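Engineer: Handing you a structure now.
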Amino acid sequence: MKYVKITHGYYGAKEGNIIKAKSKNDNPFPLPDEEANRIVGLGIAEYVGEAVPTKAADIVSQNTEENGIPEYDDSTGMAELKEIAKREGIAVPFGISKKDLKALLDEHFADEDELDDMPDLTAEEPEL
């Protein structure tokens, strides 16, 4: 993933199911390497250093610990919590409260921790 900033004209950036026009007035945004290379090669954008994340998905990516479990607490926004749930494949019921969503995530990650504590049951060489 590379961050680019539009320098000339407009670019149609896909955000979910929506195409949003980006111009030189917009903040840098991430693109897959291949697409970033393409539009920089066309001369309509330039590479930039890491941008300050503005979307929940970008924030969640930055706040993921080495063990793969995202960091979150009571100060984490609802959009970020929903993004974490989405990435983990957790169905989020409509109208769920922030407190209940956090509890749902806590339960999900607690289950993963329990799996890590399981003994390693691998096959051994037969004794002769």
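Engineer: Looking at segment 1-51, which chymotrypsin sites (Phe, Trp or Tyr not before Pro) are in a loop (DSSP not H, G, I, E or B) and have at most 14 other Cβ atoms within 10 Å? Before the final figure, lay out the partial values.
Structural biologist: Details: sites: 3, 10, 11, 47; in loops: 10.
Here the chymotrypsin sites (Phe, Trp or Tyr not before Pro) that fit, given the DSSP loop and packing criteria, are 10.
Engineer: Would you mind calculating the gained length between residue 99 and residue 74 on full extension (0.36 nm times residue separation, minus the Cα-Cα distance), in nm to one decimal?
Structural biologist: On the way: separation 25, 0.36 × 25 = 9.00 nm, distance 0.81 nm.
Here the segment from residue 99 to residue 74 would lengthen by 8.2 nm.
Engineer: When 46, 71 are ordered from fewest to most other Cβ atoms inside 10 Å of their Cβ, what list results? Present the calculation step by step, with values, prior to reporting the outcome.
Structural biologist: On the way: 46 15, 71 11.
Listed from fewest to most nearby Cβ atoms, that is 71, 46.
Engineer: Determine the sum of side-chain charges near residue 81: Lys and Arg each +1, Asp and Glu each -1, restricted to other residues whose C-beta is under 12 angstrom from that of residue 81. Can you show the working numbers first?
Structural biologist: Details: positive: 82, 86, 87, 98, 99, 102; negative: 71, 73, 74, 80, 83, 88, 100, 106.
My count for the surroundings of residue 81 gives -2.
Engineer: Under 27 Å Cα to Cα from residue 5, which lysines show up? Leave out anything in the same chain fewer than 8 places away.
Structural biologist: Within the straight-line cut-off, residue 5 pairs with 14, 20, 22, 24, 55.
Engineer: Rounded to the nearest 0.05, what FRET efficiency is calculated for residue 33 and residue 90 with R0 set to 35 Å and r the Cβ-Cβ distance?
Structural biologist: 0.75
Where a number appears in this text, it was derived from the coordinates with a stated rule and is not lab data. All values derive from a computational prediction rather than experimental measurement. Glycine also receives a Cβ, built like all others from the backbone with ideal geometry; neighbour counts cover every protein chain displayed.
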